[in-house]
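One structure is given here, and the rest of the page talks about it.
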Amino acid sequence: MEVHNNDLAELYAGTFKSIETGMIITGKVVTKKTDAVVVDIGYKSEGFVPIDEFTESELEALKAGQEIEVLITEMRDSEGSLTLSKSRALLMKAQKSLQESFEAGTTVEGKIADKTKGGFFVDISGIRAFLPASQYDIKPAKSDVVGQTCLFKVIKVGNKMNNVIVSRRAVIEEERERKKLRTRAIIKEGALITGVVKNVTDYGVFIDLGEIDGLLHISDISWGRINHPSEFFKVSDEVEVVVLKYEPDTEKITLGYKQKRSDPWLNVETKYTEGKVVDGKVVGITDYGAFVEIEEGVEGLVHVSELDWSSRPGHPSKYLEVGDKVSVVVLKVEKENRRISLGVKQLKPKPWDLVAERYSVNQKVTGKVRTITDFGVFVGMPEGVDALIHISDISWTKHIKHPSEVFKLRQKVEAVVLSLEPLKERMLLGVKQMTPDPWISDIPERFKIGDEVNCKILRITEHGLFVEIENSVEGLVYASEIVKQDNKEFAEGELIKAKIIKLDAEQRKIGLSMINYRKGSKEE
């Protein structure tokens, strides 16, 4: 039996899909031609999608049997062919999705394609939507946002999809509100919560806890010394903090960091008993001492007087620097005042103990002049103690009005130990004792009563003229034994001649007369 094409169509009509123009349907790729892609949509004839609806990469990846969605744009039954469109199918689906998203208030994904006056154009599956600049973010949009793929909310749709307006800001605000709700649910006083450092200031740190900011004041960062919050935190740091106070009405949150551990001062009295030696780190230097951290949050003061055994210690910076590791002795603990007194010198030998071990009477020593007084000079010894050279122990033969006539500050001095009393912290030295006493042998042998001698006037007093005899020893021309020449007054430094009329080695005195010298008479 001869069967015609039309008859075949009628014969098999029940086996084909019922389709019409404007339908979106899923088909399978049959083959690729130079001008079209052949697609089987389950109809009596195959359809054709124009080749220019595919990109080069899409064509390369396209395989026979691959499923694609297409729109039936034209049916030509007489020729038995269909015209299909992949791009229009995608566009219609995107339009439908946009409309549904607009009605449901859900988000859509799009790519910021270009910048325009007042905002940006966004490509959402081929639909060109407008993003006002004010709807990009809570903050003003930057110029480098083109090319970003983001989520948007559809806030307006025209009748023919020719006036679609979207907002990224609405998505951000909704997410912020969700985060706020989650944060509010977990924030309560005493709770541990993790946040991100948002800003660091001189007085504290602002921490984002989830779209709600809390303030961590500088006083709540550490139990110990802190100069600036930046010593502990920087922007973007993730940090766990304690909620100290929460005011729901104002959303004011006060945070703590040091409160994650107990106050170290609570048990300082039992932990740091007097006399205990501990290690610490120098964290501050002042004129009156050095602050030493012996554990995080616990600092003690080493007063300048506790740095060195010297009676006149130097500036604390002479002994310690910030950052130094140092061993200290606990001297006193005042828990209520949060004070601990520390000492460094107690770990060093006492200087006077060393002096007692190293020196003895009549031993020769060397030191430098540290202080000059009216009654003598103090000489600094290597052990850090001062020894006194009394003015009477400077010279055997000269009358010293003031020690500065002989000594200068920091002058090196050699002397003899005259006495040593370590328990009383006393040490006496003598300079004249470095040489034999001339009054015992030299002077009595060299000078005799009746000798005529050359003298230089040293001082003029009511008792007479104090003179230096023969550049070696002092004597006194008694006031009653002075003879003026031509009534001329005497002057210090003037040279005169006189006769010895008295010599007392025990009293260390020599008396002179100008009268006897001028008369040429001798004492009986």
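The values are calculated or read from the model by the stated rules, or taken from the named source; none is laboratory data. Note that this is a predicted model, so its numbers are computed, not measured. Note that we place each Cβ from the backbone using ideal geometry, even for glycine, and neighbour counts take in every protein chain shown.
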Report whether or not Ile19 is in contact (Cβ under 8 Å) with a residue 24 or more places away in the chain and either in a loop (DSSP other than H, G, I, E, B) or under 30 Å from Val146 (Cβ atoms) (or both).
-> yes
When (1) over 30 Å from Ala185 (Cα atoms); (2) surrounded by fewer than 12 Cβ atoms within 10 Å (Cβ to Cβ); (3) under 24 Å from the mean Cα position of the chain (by Cα) are applied to Arg225, the one that fails is (2)
Could you say which residue among Lys350, Lys325 is surrounded by fewer than 13 Cβ atoms within 10 Å (Cβ to Cβ) and either touching a Cys at 6+ places or on another chain (Cβ under 8 Å) or not acidic (Asp, Glu) (or both)?
-> Lys325
Within region 326-361, residues being in a helix (DSSP H, G or I) and not hydrophobic (A, V, I, L, M, F, W, C) number 6
Within region 479-502, restricting attention to residues that are buried (at least 19 other Cβ atoms within 10 Å of the Cβ) and either under 21 Å from Ser395 (Cα atoms) or of a type in the set (A, V, I, L, M, F, W, C) (or both), which residue is nearest to the chain's Cα centre (by Cα)?
-> Ile496
Surrounded by 14 or more Cβ atoms within 10 Å (Cβ to Cβ) and either of a type in the set (Lys, Arg) or assigned by TED's automatic domain parsing to the domain that holds Lys364 (or both) - does that describe any residue in region 456-478?
-> yes
Test result for Leu420, in a strand (DSSP E or B) and either polar (S, T, N, Q) or assigned by TED's automatic domain parsing to the domain that holds Tyr359 (or both) = yes
Output for region 386-405, where each listed residue is part of a loop (DSSP other than H, G, I, E, B) and either among the basic types (Lys, Arg) or farther than 15 Å from Met434 by Cα (or both) | Lys398, His399, Ile400, Lys401, His402
Just a yes or no: is a residue in region 168-178 touching a helix residue (DSSP H, G or I) at 6+ places or on another chain (Cβ under 9 Å), in a loop (DSSP other than H, G, I, E, B), outside the structural domain of Val241 (by TED's automatic domain parsing) and at pLDDT below 90?
-> no
Quick one: Thr371 ticks every box in (1) in a strand (DSSP E or B); (2) in contact with a Phe, Trp or Tyr (Cβ under 8 Å, 6 or more places away or on another chain); (3) more than 25 Å from Gly314 (Cα to Cα) bar one, so which box is it?
-> (3)
For residues that are more than 18 Å from Ser222 (Cα to Cα) and assigned to a strand (DSSP E or B), scanning just region 282-325, find the one that is nearest to the chain's Cα centre (by Cα).
-> Ile285
Odd one out for Ala387 among (1) more than 20 Å from Leu495 (Cα to Cα); (2) without any contact (Cβ under 8 Å) to a residue 24 or more places away in the chain; (3) of a type outside the set (Lys, Arg) | (2)
Filter region 436-469 for residues that are among the aliphatic types (A, V, I, L, M) and not in a loop (DSSP other than H, G, I, E, B); the one that is farthest from Gly493 (Cα to Cα) is Ile443
